Amino acid sequence: SHPGWPAKLGPLVVPAGEVTVRPVRLRDAAVWSRTRIDNRAHLEPWEPTGEAPWDMRHAMSSWPPLFSSLKAEARRGMMLPFAIELNGTFVGQLTVGNIVRGALRSAWIGYWVAKDVGGQGVATAALALGVDHCFSSAGLHRLEATVRPENAASQAVLRNVGFRQEGLLQRYLDVDGAWRDHILVAMTVGETSGTVADVLVRSGRAAWS
Ligand code: ACO
């Protein structure tokens, strides 16, 4: 097994309720499929373009092969594929990918959360828990994220957790059917005093349960 995997993170309490982060499971198929299909309009503008149509890519039968590839990457130490739970229910995903060790010890981090639980601190709490885990148990030194300039909500989440802007990646990623510019943000270990979750708690954005 690899440092930081598997792991259960949290809970952290935010206005929406209790947020926990845990490894994705095979039995997430039904809730993953339903949530992804119900949230198509909310998610599609920000996610990599897929080959098959949305509803087909998010059918229940698409989860087992996707889950298997995420699990294989986690076993190789390349990814940390987490589910986000609110009050014990699956509401989204938090994924750490392209983990590189050696003298870089870096990875990217990304997330999505269902629209009906949005605006109540869930993504902020999940990202904070994920960042703290990467910088402690998982042994990483740097995390980066990329976000479209049009995605104001996600930029707020990143800013509130302590990511800094590093640059603009032009025509970076094939998202929603075209090559889209992305803002590159990053954080290295020790940029906050204490853990990121502590910073959220001290600022009144979250509480320990
Ligand atoms: N303009 C500006 N700020 C906004 C807007 C808006 N239109 N909408 C929300 N916000 C702010 C909120 O005020 C809040 O900031 P605050 O706490 O300073 O007030 C912040 O955005 C949202 O914080 P949370 O409530 O913690 O986030 P939420 O649980 O709603 O999840 C997310 C946000 C992840 C962006 C969700 O809407 C989502 O999944 N969107 C679709 C997929 C997506 O964009 N994923 C991120 C891709 S980029 C990446 O992964 C690095």
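Every read-out reported here was derived from the displayed coordinates using simple, explicitly stated rules and does not represent laboratory data. All values derive from a computational prediction rather than experimental measurement. Neighbour counts are summed over all protein chains in view; Cβ atoms, including those assigned to glycine, are modelled from backbone coordinates with ideal geometry.
Positive end of the charge dipole of the chain (Lys, Arg +1 and Asp, Glu -1 on Cβ, about the Cα centre): tell me which of 37, 123, 152 has its Cα farthest that way.
In the chain, that residue is 123.
Under a crude label model (7 Å from the Cα following the beta-carbon direction), how far is residue 181 from residue 144 in nanometres?
1.8
Take residue 66, project a point 7 Å from its Cα along the Cβ direction, then tell me which residues of the stretch 11-36 have their backbone nitrogen under 19 Å from it.
Answer for the stretch 11-36: 21-36.
Determine the calculated [θ] at 222 nm for the chain from helices alone, applying -39500 (n - 2.57) to every DSSP H run no shorter than 4 residues and normalising by the residue count; nearest 500 deg cm²/dmol.
The helix-only estimate for the chain comes to -8500 deg cm²/dmol at 222 nm.
Using the Cα centre of the stretch 107-209 as the reference point, and only Cβ charges (+1 on K/R, -1 on D/E), how large is the resulting charge dipole? Debye, rounded to the nearest 20.
Computed charge dipole of the stretch 107-209: roughly 160 debye.
Assigning unit charges at the beta carbon (Lys, Arg +1; Asp, Glu -1) and nothing else, what dipole magnitude in debye, to the nearest 20, does the stretch 1-91 show about its Cα centre?
Dipole magnitude for the stretch 1-91 comes out near 380 debye.
Placing +1 at every Lys and Arg Cβ and -1 at every Asp and Glu Cβ, with all other atoms neutral, what dipole size does the chain have around its Cα centre, in debye to the nearest 20?
Once rounded to the nearest 20, the dipole reads 480 debye.
Take the Cα gyration tensor of the chain, multiply each eigenvalue by 5, square-root it, and list the three semi-axes largest first, rounded to whole angstrom.
Sorted largest first and rounded, they come to 24, 20, 19 Å.
Please give the Cα centre distance for the stretch 169-196 versus the stretch 65-143, rounded to the nearest Å.
14
Between residue 31 and residue 188, how many nm apart are label points set 7 Å from Cα along the C-beta direction?
In this crude label model, residue 31 to residue 188 measures out at 3.8 nm.
Calculate one ³J(HN,Hα) per residue across the stretch 84-94 by plugging θ = phi - 60° into the Karplus curve 6.51 cos²θ - 1.76 cosθ + 1.60, and present them in order as whole Hz with x for glycine and proline.
9, 10, 10, 6, x, 10, 4, 10, x, 10, 10
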